[in-house]
Amino acid sequence: MTTIHGIINRGIINSELQFEKMGYISSNVSNYNTHGYKAVRFEQILDENGYLSGVERTDFSQGAIQRTDNIFDVAIDGAGFIPVTSPTGDVTYTREGGFKVNKNGYIITNDGYIVGDGIQVPVNFDNFSIKPDGEVEVYSHDGMTRETLGYIPLVNFQNPEGLKKADNNKYYLTAESGEPVLIKKHKKFKQGNIELTNIDMLNEVNSILRLNASMLASFKVMQTVNDMYAKALQLNQ
């Protein structure tokens, strides 16, 4: 038998979960213009006692690919992640391929992470090229000498949803994700392009409206139960 205290407690716990879900939706909306950002869902489950529980899931489905004017940009067309290394040596994984070259000539992310094992572009070059398999090459000014600078690696995981979200659209591997596996002989890179987010804004707005209505209903029920409890106390006096 559920007591009034139990109903109130359940209402508070469920409301907290709804607020948490609203936080995930708000994060998705705020990252709508973040290249390569993957939508995060907070899936809720209602148990037999009426209590909500939730689990975070990342949607790694493909985002739209958009052409840019930057020769260092690269989009991933398909599954996979690019390993990048922070200035302190931490390795993370990203799908955000908005790259540039630092003062030492290395290809880096916009926040300074080295791409792959370190690909250094010479000062004087012509026809910088990122092939679909990740090979990076340039030609000399005379257009006769071809030089391979290295490869942008592409890896995948047994369970990408097990990756831990890091700052700036990056991910850490975990025991749940498994170790990275190098993808060989692929043709997934598109130079001069960038992957957009996979967020469905219409779906996010609909989720906000539905969740807002649900939260208002929950608050109304809690207020009604609280009023009943207050009246019961008055009758017992």
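One line per residue, one yes/no per condition, for (1) in a loop (DSSP other than H, G, I, E, B); (2) closer than 16 Å to ALA75 by Cα:
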site: ASN104; (1), (2): yes, no
site: ILE107; (1), (2): no, yes
site: ASP117; (1), (2): yes, no
site: VAL123; (1), (2): yes, no
site: ASN127; (1), (2): no, no
site: PRO132; (1), (2): yes, yes
site: LEU149; (1), (2): no, no
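Report yes if some residue within region 64-86 is polar (S, T, N, Q) and under 15 Å from the mean Cα position of the chain (by Cα); otherwise report no.
no
For residues in region 165-181 being of a type in the set (A, V, I, L, M) and in a loop (DSSP other than H, G, I, E, B), which is farthest from TYR32 (Cα to Cα)?
Looking at residues that are of a type in the set (A, V, I, L, M) and in a loop (DSSP other than H, G, I, E, B), I get ALA175.
Which ones in region 117-147 are of a type in the set (A, V, I, L, M) and surrounded by fewer than 11 Cβ atoms within 10 Å (Cβ to Cβ)?
VAL123, MET144
Can you report the number of residues in region 41-95 which are within 19 Å of GLN158 (Cβ to Cβ), part of a strand (DSSP E or B) and open to solvent by less than 50 Å² (accessible area, probe 1.4 Å)?
Here the count works out to 8.
The values are calculated or read from the model by the stated rules, or taken from the named source; none is laboratory data. Just so it is clear, the structure is predicted and the values come from calculations on it, not from any experiment. In this analysis, Cβ positions are derived from the backbone assuming ideal geometry, glycine residues included, and neighbour counts consider all displayed protein chains. The protein model used for the area step is the full one, side chains on, heavy atoms only, and it has no ligands, DNA or RNA in it. Shrake-Rupley method; radii C 1.70, N 1.55, O 1.52, S 1.80 Å.
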